[in-house]
Amino acid sequence: MNIRNRILPAALTAGLVALSAPAAAQQGRNDLQAELHIDVATHAMPGAPGMGALGRLAGAMAGGGNSYGQAHHPGMPGRHLDIALLNHAHPGTPAQQAVPQGLRLGPTIDLLPPERSTQASGNGGVGDGVAVGTGDGTFRVRYFWGCGETLRAGNQAEFTVTIRDGKMVQSGRSMTPRQVPGVAETNSPRFALWPNPGARARVAGNASLVGNHALTGQSLPASMRFELGADQDFMPELTLRQDGTPADGLALHWEGVDHALGYFAHATAMDGETMVMWSSSEDGYAGQELMTYLPSRLVEQWTTRRTLMPATARECRIPREAFAGVENAPMVQMIAYGKERTISQPGWKVTVRNKSTAMLMPGMSAGQAGDAARPSVRDSARGLLRGLIRR
């Protein structure tokens, strides 16, 4: 598979999202002494032979092991966990978190401020990142949406994206991405993080967050203790599979994921200078901006509007019109949205977010899948147009 065909779709969609994404929520609350953000993710790459071994070797491939931000942008199969603490009295001060034995990381984990060299990667938002140029050019974008054997009338759009002198311009029936709530940019010197340069251990495949947690550190409230239940634990793998061919229509099937509130699927392929995309949304355009954590209230709202598939859904067919005649088979991504929980007590707050994701890369061998998950490739994909449009 041509590496350009892997990077460009993600880069273009990242750029489109960047043009309309809301600013990240940065304001703190004067009555809070401390805020803890816990992002929990399970990622699967079904159908890629040998991925179990690759998962065990992911630390070496990633250049030293686990790193903060992989829960937001999981690249390798397995369980991922990002923890960020904001101590309002002493921002960026190290702290310790007592964790349950089932997490298999020892009785405590150290939360440390990020190294300066790693701060550019962000927490998955559309912030500063690696800028790599691919030259000027015009790319045609064809977008389809909705599940079914054939495309419903009106469920498609076409526009162009032109990159010239570092600027991106859209023309035609350009679509506006969904407004996903912004979150605090946690990968900054104000936060103390896990994992960090001093703690790069990967989360075990049988790890669990269920149990009692407690935070200790300079000026942190002594009452900052909380318990997480099964609803906040790592979700099971999303066992996504597909049948059929692009010419006849691809059928997506999956097993239900425990504690999932809803599902969303997205597919992308390059056909020469044309990017072809499809989503499972039934009520209009929805793109890769939804492949992230969403508040439970928004999942419920968008499920009612049929932007997202309900928790009872087990299949969705990509209409044959979407990828018929496209040279490259599409990359399919899917997400199962977990519950978001906020625990608030006088002086402190804990927010826990959860998701399970899967990615199908037809025709890619295990070795190629490992290459696609390397940080350099992922960062290039996310940062390609992000760098261009911010010059």
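General observations
- Relative contact order computed over region 256-347 (Cα-Cα under 8 Å; 6+ residues apart), in percent: 47 percent
- Here the gap between LYS167 and ALA324, fully extended at 0.36 nm per residue and compared with their Cα-Cα distance, gives a gain of 53.4 nm.
- Distance in nm between pseudo-label sites at THR304 and ALA204 (7 Å out along the Cβ direction from Cα): 4.3 nm
- Relative packing of 252-264, 301-313, which averages over residues the other C-beta atoms within 10 Å, highest first: 252-264, 301-313
- In Hz, Karplus ³J(HN,Hα) per residue of region 301-311 (6.51, -1.76, 1.60; θ = phi - 60°; x = Gly, Pro): 5, 6, 5, 4, 7, 6, 5, 10, 7, x, 5
- In order along region 84-100, the phi-based Karplus estimate (6.51 cos²θ - 1.76 cosθ + 1.60, θ = phi - 60°) of 3J(HN,Hα) comes to 9, 10, 10, 9, 5, 6, 9, x, x, 7, x, 8, 10, 10, 6, 10, x Hz; Gly and Pro are listed as x.
- Here the spin labels are modelled as points 7 Å beyond Cα on the Cα-Cβ line, and at THR138 and LEU32 they lie 4.7 nm apart.
- Distance between modelled label sites at ARG225 and ALA247, nm, 7 Å Cα→Cβ extension: 6.6 nm
- Count Lys and Arg as plus one, Asp and Glu as minus one, and take only other residues whose Cβ is under 14 Å from that of TRP278; the net charge is then -1.
- Segment ARG297..ALA89, full-extension length gain: 71.8 nm, with 0.36 nm per residue of separation and the alpha-carbon distance subtracted.
No value in this document is a laboratory result; all are computed from the given coordinates. Computed from a predicted structure; not experimentally measured. Cβ sites come from the backbone with ideal geometry, for glycine too, and all protein chains shown count toward neighbours.
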